[in-house]
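Below: the structure, in structure tokens.
FYI, it's all coordinate maths here, none of it is from the lab. Predicted model only: the values in this text are computed from it and were never measured. All Cβ positions, glycine included, derive from the backbone under ideal geometry; neighbour counts span all protein chains shown.
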Amino acid sequence: RKEVEQDPGPFNVPEGATVAFNCTYSNSASQSFFWYRQDCRKEPKLLMSVYSSGNEDGRFTAQLNRASQYISLLIRDSKLSDSATYLCVVNMLGSGGGADGLTFGKGTHLIIQP
Amino acid sequence: NAGVTQTPKFQVLKTGQSMTLQCAQDMNHNSMYWYRQDPGMGLRLIYYSASEGTTDKGEVPNGYNVSRLNKREFSLRLESAAPSQTSVYFCASSEVLAGGSYEQYFGPGTRLTVT
């Protein structure tokens with residue numbers, strides 16, 4: 001079973017729409033969760049952390065469901081500049097994810113259309 | 001603050017040639033990483049270094065060696081390049097966040113083609 005799974009997309013969404021995508025993780029002991037953003041031919045960058053109570057940063061809302069082992073990202077009023085690949089990242093110590101245990105999903109490709 | 005820097009940005013090698021990818025960070029981070037990213041495969045960890053003087057294998061270490069030269073620098077060496085090593089290579093370093101988790105900062109990547 002893959003440790004962090006995402007729908008690769010692409011999600012084609014008209015500008016101004018709301019889009020949401022999920023990520024599931026296999027290790028119930030995971031402690032920390034993140035969304036990273038990666039633009040075409042660029043490096044990944046942290047978008048936001050995901051807290052147990054859910055959190056919002058402007059047009060972006062992240063939620064965690066520990067019982068079902070998934071996290072979600074919701075983007076409201078989408079902009080052309082939101083077009084990117086969104087990587088789900090989970091902290092899984094002992095899973096071979098390196099010293100900090102961060103394990104990356106393969107990403108969901110989002111295309112915002114004018 | 002330059003963050004994480006990588007050289008070179010692009011490289012073309014012939015099969016069997018060797019080369020070293022350089023990475024440096026100026027954020028005083030203890031942990032550093034080398035990933036490769038291939039279409040449809042996501043980021044795969046090659047090697048990491050939890051601190052100066054230590055290195056450990058990741059998911060796909062075969063065909064690579066690393067050196068943690070000092071706290072700032074972490075290099076990746078391909079001794080005998082193969083076409084299967086054509087990829088984009090990212091170096092990263094990480095810092096501890098409040099609550100004990102980590103954020104990874106990535107370099108701009110090296111695009112390597114092996115013919």
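So here's what we get for this one:
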{"item": "Cleavage-rule hits (GluC sites (Glu not before Pro)) in the stretch B:42-115: DSSP loop, at most 12 neighbouring Cβ within 10 angstrom", "result": "B:GLU79"}
{"item": "Unit Cα scatterers, Debye sum, chain B: log10 I(q)/I(0) for q = 0.18, 0.19, 0.20 Å⁻¹", "result": "-0.86, -0.95, -1.05"}
{"item": "Among A:ASN55, B:LEU13, A:PHE33 the positive-end extreme of the charge dipole of the protein assembly as shown (Cβ point charges)", "result": "B:LEU13"}
{"item": "Kirkwood Rh and Cα Rg combined as Rg/Rh, the stretch A:1-49", "result": "1.00"}
{"item": "Computed P(r) (all Cα pairs; the stretch B:56-115; 10 Å bins; percent)", "result": "18, 46, 27, 8, 1"}
{"item": "The stretch A:35-92, Rg to Rh (Cα coordinates; Rh as Kirkwood inverse mean 1/r)", "result": "0.97"}
{"item": "For the protein assembly as shown, convex hull of alpha carbons as volume per residue, Å³", "result": "128"}
{"item": "Residue with peak Gaussian network fluctuation, chain A [Cα springs, cutoff 10 Å], from A:THR103, A:THR85, A:THR18", "result": "A:THR18"}
{"item": "Modelled FRET efficiency - R0 41 Å, B:ASN65 with A:ASN22, Cβ distances, 0.05 increments", "result": "0.60"}
{"item": "Spin-label pair B:ASN30/A:ARG76, simplified geometry with 7 Å Cα→Cβ offset, distance in nm", "result": "4.0"}
{"item": "Size of electric dipole in the stretch B:17-115: Cβ of Lys, Arg +1 and of Asp, Glu -1, about Cα centre, debye, nearest 20", "result": "180"}
{"item": "Percent of alpha-carbon pairs separated by more than 24 Å within chain A", "result": "20"}
{"item": "Pair B:ARG77, A:TYR51: separation of 7 Å Cα→Cβ label points (nm)", "result": "4.6"}
